[in-house]
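First up is the structure itself, then whatever we jot down about it.
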Amino acid sequence: MLMVTGAASMIWGLQRLQFAIVNRLRALNDERLELSHSPARDVLTEARLVQIGEQLHSLTRRIRYMRNSIASFYLSALAFFGCSISIALIGWFNLPAAWICTVWFEAGMVAIYVALVYTLADIRLSYRAVEVDVQL
């Protein structure tokens, strides 16, 4: 149950982060539409439109990574729950099939590893965005 709780905590945190990024994406898109429809477009407006386009592209990639990470954490929570159920059933009915528990547990661990790879890719993208903003 500890692994299920840990996966659920990661899901909660990542969904909160995804909500914040989606709100930022909407705000940038609104700003892009406002700037693109303004009658007086100067060099700064064009530069800002290019910058917004790059930020929108980066944010959509981050959202995809986050979505995949959340889905993998959900899968891991289900696998760990299946492991707990199989432990109970094997213990209750005295079955000699302990390998089923191991398979469920290993499937949950693989899903966590996949989720962590996506989370690290998202973190790399977020730090890259900060580096680009600092250089400007």
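For this structure, a couple of remarks:
- The chain, helix-only ellipticity at 222 nm - DSSP H runs n ≥ 4, -39,500 (n - 2.57), divided by all residues, nearest 500: -33500 deg cm²/dmol
- Cα long-axis angle, helix 2-36 against the chain (0 to 90 degrees, to the nearest 10): 20
- Computed 3J(HN,Hα) for the range 65-81, one whole-Hz value per residue from the Karplus formula 6.51 cos²θ - 1.76 cosθ + 1.60 where θ = phi - 60°, is 4, 5, 4, 5, 5, 4, 4, 5, 5, 4, 4, 5, 4, 5, 5, 5, 5, glycine and proline marked x.
- Apolar share of the accessible surface for the chain: 69 percent from carbon plus sulfur atoms, 1.4 Å probe.
- The alpha carbon gyration tensor of the range 1-76 gives principal lengths a ≥ b ≥ c with a/c of 1.5 or higher and a/b greater than b/c, which makes the shape prolate.
- Between the C-alpha center of the range 70-136 and that of the range 1-68 there is a gap of 25 Å.
- The calculated P(r) of the chain, using every Cα pair and 5 Å bins from 0, goes 2, 10, 15, 15, 12, 10, 9, 7, 6, 5, 4, 3, 2, 1, 1, 0 in percent.
- Calculated log₁₀ intensity ratio I(q)/I(0) where the Debye formula runs over C-alpha points of the range 38-96, q = 0.15, 0.22, 0.26 Å⁻¹: -0.67, -0.87, -0.97
- With respect to the chain, whose longest principal axis is taken over its alpha-carbon atoms, helix 99-135 is tilted by about 20°.
- Rough spin-label spacing in nm, given labels placed 7 Å along Cα→Cβ, for V130 and L56: 2.6
The values are calculated or read from the model by the stated rules, or taken from the named source; none is laboratory data. Since this is a predicted model, take the numbers as computed values, not measurements. We place every Cβ from the backbone using ideal geometry, glycine too, and count neighbours over all the protein chains shown. To get the accessible areas, we keep the full protein, side chains included, count just its heavy atoms, and leave off ligands, DNA and RNA. Shrake-Rupley method; radii C 1.70, N 1.55, O 1.52, S 1.80 Å.
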